[in-house]
Amino acid sequence: MFTALFAAALVAAAPTAQPSAAPEQTVTISLSQAVNRGLSENLTYLRALENVSAAVARLKQARAPELPFLVLKDAYKYTNPLASLTLPLPPPLGPVDVKQGLENANDPRVALQYTLYDGGKTASRAGEAAAALASIESQLRAAADGTVQTVSDGYYRLLVARRLAGVADEALQVDQAHVKQAQQFLRAGTVARSDVLRAETTLANDQVSAIRAHNAADLAESSLDSALDYPVTTHLVLTDSVAPSIPEITLATLQTAAHANRGELQAARYAIDAAHAAIGIARSDEIPSISLEASEGNAQPQLVSGFHAQFMLQLDAVWTLFDHGLTAGRIHEAESQLRNAELGYRQTQQDVDLQVEQAYLDLQSSHSGVEAAQRLVAFAEENRRLAEERYNAGVGTAVELADAQLNATSAQQELVKALGDQQTALIDARYAAGLLGR
C-alpha cells in the first residue's frame, strides 16, 4: 500500500512536458549590417525620428499665418423689433407691416483673411519652430551616435569573448598533450607520478577557465541579440574582426570634430536661437496688430428681407494698452530662458570637451597596452618553448612547464583583451567626436 502511494506521488510530482523551444537560427552579419539593423530597431532612435516628424509639423503650423486664410462662416441672429409701423395701403398692396430691426437674420459669407502686421509674432514663432526642429534633428543625430556605439561595443565584445574562448580551448589542447607526454614519461620511468598529477591539475584548472570563457561568450552573444532585436537563441556569425592597429588621431582633431558634429552641442546652440525667437514672440504683444478681411455673402438690411449679395472689405487694428503686466512677465520669462539656454550651452560644451579628452587618453592608453601585450606574448611564447625543450630533455621540471604554459595563456588573453580595449576606445573616441553616425 505504501509503495503504491509513494509511486503515485512520484508520478504526480513529475514535471509536465514543456513546449519545445524555438529552433536556433544562424545569422551572418557584419558590423555595418549590425549598425543598420540597430538603427532600424532601436526604440530610442525611432522615437527621435517621430519627434522630428512632429517638429516639422509644428514649423508648418507656425508659418501658416504668413499666408491668407480662406474661411466660410455663417452668422444667424434674432433681433427683437423695437418698433413697428402698419401702412394702410389698398388691396392688393396693403396693409404692409414695417418693423425696425429684423426678427431673423442669416449672414453666410466666404472671407479671405490676411494679417498685415502682427509685430513680428508670426516670424518669431516660425523662427522658434525652426530652431526647435534643428535642435530635435541634432538630438536625432545624438541618438544615432548612441545606438551605433551600443551596437559596435556589443559586436566587438562578442568578438573578444569568442577569441578568449578560443585561447582557452588552445590551452586545453596544450594541457592534454602535456598530460599524455607526462604519462608516457611515467611509463618509461623518467618522471615521478607527481609530474602527471601536476599536468592533470593544470588541465582541470584550464577546463574550468574554458567553461567560464564560453559562458562569457554566450552572454555577450545574448546581449548583442537583444540590441539587434533578435531572439536570444540566435547564433550570430560575425564577419568582421578586431583590427590589430588603429589610425593615428590627435586630440585637436577630435575636439574640432566634436564642436562641429556633436548632436548635444548643436541642440544647445539651437536652443539659444529658439530662446531669442521666444523673446520676439513675447515682445510682439506690445505692438499693434493689423489684419485685413475681404468677404462676399448675404446681407440683410433692416427694412428689406431676402438674400442680398454684398462685398465687404474690413481693416482691423488692435493695440493692447494695458494688460496688468502680462506681456512684461512673458518678456521677463523669455529673457530668463535665454540666459538659461546660454548657460546650458556652456555646460554642454564643457562636458563634451571633457569626454573628448578622456576618450583620447583612453585611446592612447589602449594603444600602449596593445604594444605591451604583444611584447608579453613574445616573451611568454619563447619561455614556454624553452620550458618544453628543457622538460623533454629531462633537465626541466613539471612545475616550470606548467608555469610557462600558464604565463603563455595569460599573455594571449591579455593581448586579446588589449586589442578589444583598443577597438572600444576607438569607438568611444569617435562617439565623443560625434562621428559614429556618419
Within region 222-273, considering residues that are among the β-branched types (V, I, T) and more than 16 Å from T26 (Cα to Cα), the one modelled with the lowest pLDDT: I246
Of the numbered conditions (1) among the acidic types (D, E); (2) under 30 Å from T253 (Cβ atoms); (3) surrounded by fewer than 18 Cβ atoms within 10 Å (Cβ to Cβ); (4) in contact with a helix residue (DSSP H, G or I) (Cβ under 6 Å, 6 or more places away or on another chain), E371 fails exactly one; give the number of that condition. (4)
Pull out all pairs, ordered by first then second residue, where Cβ-Cβ is under 7 Å, the residues are six or more apart or on different chains, the first lies in region 244-264 and is touching a residue at least 60 places away in the same chain (Cβ under 8 Å), and the second is of a type in the set (S, T, Y) and assigned to a helix (DSSP H, G or I). L251/Y360; L254/Y360; G263/S138; E264/T348
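Can you find a residue in region 395-402 that is hydrophobic (A, V, I, L, M, F, W, C), modelled with pLDDT of 90 or more, buried (at least 19 other Cβ atoms within 10 Å of the Cβ) and in a helix (DSSP H, G or I)? Steps first, please.
Just the residues of region 395-402 that are hydrophobic (A, V, I, L, M, F, W, C), to begin with: 395, 398-399, 401-402.
From the residues that got through so far, the ones that are modelled with pLDDT of 90 or more too are none.
Within region 395-402, none of the residues are hydrophobic (A, V, I, L, M, F, W, C), modelled with pLDDT of 90 or more, buried (at least 19 other Cβ atoms within 10 Å of the Cβ) and in a helix (DSSP H, G or I).
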Does R162 satisfy the condition of being within 32 Å of the chain's Cα centre (by Cα), more than 23 Å from L435 (Cα to Cα) and of a type outside the set (G, A, S)? yes
Residue pairs within 9 Å by beta carbon, gap of at least six or interchain, first lying in region 53-75 and closer than 26 Å to E137 by Cα, second surrounded by 12 or more Cβ atoms within 10 Å (Cβ to Cβ) and of a type in the set (D, E, K, R), listed first then second, are A55/E137; Q61/R125; A62/R125; A62/E128; R63/R125; P65/D118; P65/K121; P65/R125
Which of the following residues is of a type in the set (D, E), surrounded by fewer than 19 Cβ atoms within 10 Å (Cβ to Cβ) and either under 30 Å from E286 (Cα atoms) or in contact (Cβ under 8 Å) with a residue 40 or more places away in the chain (or both): E342, E382? E342
Going by the structure shown, is A387 touching a Phe, Trp or Tyr at 6+ places or on another chain (Cβ under 9 Å) and modelled with pLDDT under 95? no
Given the options A57, A34, name the one that is surrounded by 10 or more Cβ atoms within 10 Å (Cβ to Cβ), at pLDDT 85 or above, within 27 Å of A267 (Cβ to Cβ) and over 17 Å from the mean Cα position of the chain (by Cα). A57
Residue that is part of a helix (DSSP H, G or I) and either under 40 Å from the mean Cα position of the chain (by Cα) or under 21 Å from V167 (Cα atoms) (or both), where the choices are R390, R384: R384
Give region 285-300 a look and list any residue that's under 9 Å from G119 (Cβ atoms) and in contact with an Asp or Glu (Cβ under 6 Å, 6 or more places away or on another chain), or say none. S289
Condition check: at pLDDT 85 or above and not in a helix (DSSP H, G or I). Does H276 satisfy that? no
T150: in a helix (DSSP H, G or I), of a type in the set (V, I, T), in contact (Cβ under 8 Å) with a residue 60 or more places away in the chain and on the phi < 0 side of the Ramachandran plot, yes or no? yes
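The values are calculated or read from the model by the stated rules, or taken from the named source; none is laboratory data. Bear in mind the structure is a predicted one, so any value in this text is a computation, not a measurement. We place every Cβ from the backbone using ideal geometry, glycine too, and count neighbours over all the protein chains shown.
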